[in-house]
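Notes to accompany the following structure.
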Amino acid sequence: MLKYGGTLLVLFCIFEYGTGLYFHIGETERKCFIEDIPDETTVLVNYKVELYDPRIGFQPSSTGIGMHVEVRDPDGKMILSRMYSSEGRISFTSHTPGEHTICLYSNSTAWFSGSYLRVHLDIQDGEHAIDYSNTAQKEKFTDLQLRIRQLLDQVEQITKEQNYQRYREERFRQTSESTHRRVFWWSLTQSVLLLIMGAWQMRHLKSFFEAKKLV
């Protein structure tokens with residue numbers, strides 16, 4: 001459960017293809033996204049902030065306007081919390097599989113004056129978050145070596161996804177078994193209570209009839 005003030009935006013994104021979107025944010029608003037991420041996976045978030053001007057529409061934001069970003073793991077532990085400028089790149093690595101929460105909110109409300117921001121957001125993970133052109137320059141890879149590196153990264157990401165799916169299936173099975181046990185014991189408790197109440201009512205009626213000398 002997410003317990004944040006302001007407007008809460010929850011989007012579930014498919015990581016294999018990344019996510020590109022934009023949203024509007026007003027004064028005191030907080031926008032949050034839930035991303036389902038395998039463990040030991042790099043996540044890259046590119047964003048750009050535009051300020052709405054009623055006279056000319058959306059324009060690049062001025063100096064001093066930025067976004068505060070918070071990232072929490074499935075256990076609610078803070079992974080990242082810092083202030084960024086109006087345009088930038090955020091990178092973090094997951095260490096626990098599951099739903100990670102990414103929240104963004106403005107660093108100030110003084111500039112709003114009834115206006116709002118448009119935030120462009122692009123989320124990539126796994127091999128999609130790797131800049132292979134930069135890697136090729138640093139490692140001095142040939143085209144063939146770079147392609148092999150890409151294939152190895154893809155295989156590694158597929159393995160992580162498969163392990164994560166097995167993890168989710170195990171969690172789902174545990175939840176189902178726990179629910180079935182609770183339903184069984186609740187049904188058994190109800191049956192025992194009904195039998196006890198029935199026996200008490202029969203005894204009470206017998207005592208009543210004997211007192212009235214009807215039996």
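Nothing in this text is a laboratory measurement; each read-out follows from the coordinates by a stated rule. Just so it is clear, the model here is predicted, and its values are computed rather than measured.
Gain on full extension, evaluated as 0.36 nm per residue between Q150 and Q165 minus their Cα-Cα distance, stands at 3.2 nm.
Straight-line reach from K31: taking Cα to Cα under 12 Å and skipping same-chain neighbours fewer than 8 places apart, the aspartates and glutamates in range are E70.
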